[in-house]
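Asker: I am attaching a structure below and will ask some questions about it afterwards.
The values are calculated or read from the model by the stated rules, or taken from the named source; none is laboratory data. The structure displayed is predicted, hence computed values, not measured ones. Cβ atoms come from the backbone with ideal geometry, glycine included; neighbour counts cover every protein chain shown. Accessible surface is based on the protein model in full, side chains and every heavy atom, while ligands, DNA and RNA are left aside. Shrake-Rupley method; radii C 1.70, N 1.55, O 1.52, S 1.80 Å.
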Amino acid sequence: MSAVALDKGLQHGLSLAWRGILKIRKNPEQLADVTIAPIVFLVMFTYLFGGALASSTDDYLQMLVPGIMVMNILQASMTAGVQLNTDVSKGVFDRFRSMPIARSAPLVGAVLADVVRYLMCVVVLLVVATIMGYRVQTGPVELVIAIALVLAFGLCFCWASVFVGMLLKTPGAVQGMMFVLIMPLTFGSNVFVGTSTMPGWLRAWADISPVSLLADALRGLLNGGPVAGPLAGSVVWMVAAVAVFFPLATLAYRKRV
Amino acid sequence: MSLAIRAEGLVKHYGETKALDGVDLEVPVGKVVGVLGPNGAGKTTAVRVLATLLRPDAGHATVGGHDVVKDPVRVRSLIGLTGQYASVDEDLSGTENLVLIARLLDHSRAGARARAAELLEQFELTEAAGRPARTYSGGMRRRLDLAASLVGNPAVLYLDEPTTGLDPHARNEVWRVVRKLVADGATVLLTTQYLEEADQLADTITVFDHGRVVAEGRADELKRRVGGQTLQVRPTSLADLDAVQRILGDLTGMRPTRDDDTGLLTAAVSDPVLLSTLVRKLDEAGITADELALRLPSLDEVFLALTGRKAEEGSLV
Ligand SMILES: Nc1ncnc2c1ncn2[C@@H]1O[C@H](COP(=O)(O)OP(=O)(O)OP(=O)(O)O)[C@@H](O)[C@H]1O
Ligand SMILES: [Mg+2]
């Protein structure tokens, strides 16, 4: 009997995910929002600072692309909160809530649609990087693992965005807040430069930040090099993010809708 | 007589604002109840409580026998809601909006498409069916919203100002749909600013003000209750105007108002029996009349008398 309920819950979640994916198709600029910035950074840093920061532009590109993937996924994962907030403020949720579906179905739908969004972001980024001369040094298996890892990371951190999305009043405020959180997180890491020249306090953070650890894990997977250490670190962060933000997000969601 | 909706002592406060201040409401199965009230009277709040969107601070309500707080899922399987503000997804087309709702109500893929097409046809949205709802006019959005609330053939339908912003043609269409639903056995709770709408659709009317029910009853009962019936006479010949004015004045003990242009005489009366007396007296005097009527006050006048405020601009009757 609860299997039936669960089945229906999933069915409703999938229907709502379908809605989310339709929305991506109708507003491709929304996807562009989260992908263009990382690509601009990719191009700018590679050609402006690549030569200065690494022995060659090509070397820098190899180092930078995995880091930019992390930046991209963080930005993409903030959409969930913005989207949910928009639905609540526009009254779309009133309709869902007046229907006999699981209360969590819209949340499940939003998160499922997000996975598709993440995948699209990653693919676009990798295509651009490849055009710029980036090459995966390992193999297809490592590539698939790397992509899966990035998606999982996005799924774990999107709960922070859902939490903020349910806490703040307007979609604009959510967007602004997430930007403020993501930018320092991105720059206070080894995405763009090694941490060795950073002041001690920053370096201490940058070395253990989730962004740096995931970037390192991806570098290991895609370029070759140590994977286990940074991967373990990333997983710890992912588990921690879910442990903290999932309950907060669902609590805030229940209060709001 | 079984009740589709029963609310007792509903209270909902927002800080100092008493949106609902002890509302009792009973809607028998298969009936239409019209909720009238000025802006801020608490109509929308009541609808949201009854649609399980809002928890009341006190009191309780059942829909189809199920408690809105304790058993919201059961209630939701019975109801359809068209909120005051359209809640369609603006990015999605009309078809996609309705298909989504139908899928969430466990229609098959094909069934969902068929139901969507049927409703779009019914609300004359077929031509716009493929366009994003963002490009719809206000009236089209309302119609789509209404269609969305009907996807599951709800037994109890809440319509919060369903025709606000609709042109007369679309309004008539909504009225037609509501009448048809009721004929098929649905129960409707309707809020409106248009007194004519309540007059046209509702079996009984409940007037809200300041979060309370200030009057309820059938339209004619409310009109009678407020009193202020008037006798109107228009003699066939304008030459008889003075004589009729005298007769009417003697009968009612008051000076009738006289409109020389239309030849209409109007006097307030308290006793409807005066009508037959007037007929006899006119007969005795050999005066014929084109128009002779005992008129109840309009709902507008009722509304004004009950709430001390005029119904919204644009309301008819
Ligand atoms: N979320 C809210 N927060 C604060 N006050 C609210 C809220 N919702 C409603 N109110 C207040 O409660 C009162 C009743 O509001 P409600 O929307 O039920 O009125 P209404 O009868 O539907 O009015 P209208 O004809 O304008 O739609 C109003 O004074 C309103 O300001
Ligand atoms: Mg209202």
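Asker: Tally up the residues in region A:35-68 that are open to solvent by 40 Å² or more (accessible area, probe 1.4 Å), part of a helix (DSSP H, G or I) and small (Gly, Ala, Ser), please.
Answerer: Going through region A:35-68 one residue at a time, the tally reaches 2.
Asker: Another question, then. Within region B:94-125, count every residue that is among the small types (Gly, Ala, Ser) and within 30 Å of the chain's Cα centre (by Cα).
Answerer: 4
Asker: Taking the condition within 20 Å of the chain's Cα centre (by Cα) and more than 14 Å from chain A (Cβ to nearest Cβ), does B:Val174 pass?
Answerer: The answer is yes for B:Val174.
Asker: Mind checking which residues of region B:41-56 are without any contact (Cβ under 8 Å) to a residue 60 or more places away in the chain and basic (Lys, Arg)?
Answerer: Result: B:Arg48, B:Arg55.
Asker: Here is a further query. Considering only region B:1-44, state which residues are β-branched (Val, Ile, Thr) and open to solvent by 20 Å² or more (accessible area, probe 1.4 Å).
Answerer: Answer for region B:1-44, where residues must be β-branched (Val, Ile, Thr) and open to solvent by 20 Å² or more (accessible area, probe 1.4 Å): B:Val11, B:Thr17, B:Val29, B:Thr44.
Yes/no matrix, rows are residues, columns are (1) on the phi > 0 side of the Ramachandran plot; (2) within 14 Å of another protein chain (Cβ to nearest Cβ); (3) in contact with an Asp or Glu (Cβ under 7 Å, 6 or more places away or on another chain):
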residue	(1), (2), (3)
A:Gly91	yes, yes, no
A:Phe96	no, yes, no
A:Arg103	no, yes, no
A:Val108	no, yes, no
A:Leu112	no, no, no
A:Val122	no, no, no
A:Leu125	no, no, no
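Asker: In region B:108-128, is there at least one residue being facing chain A (nearest Cβ under 8 Å) and not in a helix (DSSP H, G or I)?
Answerer: no
Asker: Looking for something within 24 Å of A:Ala52 (Cβ to Cβ) and over 15 Å from the mean Cα position of the chain (by Cα) - is there at least one such residue anywhere in region A:173-183?
Answerer: no
Asker: If you check B:Arg143, B:Arg171, which single one turns out to be of a type outside the set (Phe, Trp, Tyr), part of a helix (DSSP H, G or I) and surrounded by 23 or more Cβ atoms within 10 Å (Cβ to Cβ)?
Answerer: Only one candidate passes the filter, namely B:Arg143.
Asker: Go through region B:38-56 and give me each residue that's within 13 Å of ligand 2 (Cβ to nearest atom), touching a Lys or Arg at 6+ places or on another chain (Cβ under 8 Å) and of a type in the set (Val, Ile, Thr).
Answerer: Matches in region B:38-56: B:Thr45, B:Val49.
Asker: Give region B:37-80 a look and list any residue that's of a type in the set (A, V, I, L, M) and within 9 Å of ligand 1 (Cβ to nearest atom), or say none.
Answerer: If the condition is that a residue be of a type in the set (A, V, I, L, M) and within 9 Å of ligand 1 (Cβ to nearest atom), then B:Ala41, B:Ala46, B:Val47, B:Leu54 are the ones that fit.
Asker: Inside region B:9-36, can you point out the residues that are more than 16 Å from ligand 1 (Cβ to nearest atom) and over 27 Å from B:Ala305 (Cβ atoms)?
Answerer: Matches in region B:9-36: B:Val29, B:Gly30.
Asker: Need the failing condition index for A:Leu119 against (1) open to solvent by 60 Å² or more (accessible area, probe 1.4 Å); (2) farther than 14 Å from A:Leu74 by Cα, just the number.
Answerer: (2)
Asker: Also: With the condition being within 16 Å of ligand 2 (Cβ to nearest atom), I'd like the helices (runs of 4 or more DSSP H) fully within region B:188-272 carrying at least 1 qualifying residues.
Answerer: Here the list reads B:195-201.
Asker: Hey, another quick one. If B:Tyr158 meets every condition in (1) under 18 Å from the mean Cα position of the chain (by Cα); (2) away from ligand 1 (no atom under 16 Å from the Cβ) apart from one, which number is that one?
Answerer: (2)
Asker: Of all residues in region B:69-98, which are open to solvent by less than 10 Å² (accessible area, probe 1.4 Å) and either more than 9 Å from chain A (Cβ to nearest Cβ) or assigned to a strand (DSSP E or B) (or both)?
Answerer: B:Gly80, B:Thr82, B:Ser93, B:Gly94, B:Leu98
Asker: Shifting gears a bit: Confirm whether B:Arg224 is under 30 Å from B:Pro38 (Cα atoms), within 34 Å of the chain's Cα centre (by Cα), open to solvent by 20 Å² or more (accessible area, probe 1.4 Å) and modelled with pLDDT of 85 or more.
Answerer: no
Asker: Only one of B:Gly83, B:Gly30, B:Gly59, B:Gly64 is within 16 Å of ligand 2 (Cβ to nearest atom) and in contact (Cβ under 8 Å) with a residue 24 or more places away in the chain. Can you tell me which?
Answerer: After applying the criteria, what remains is B:Gly83.
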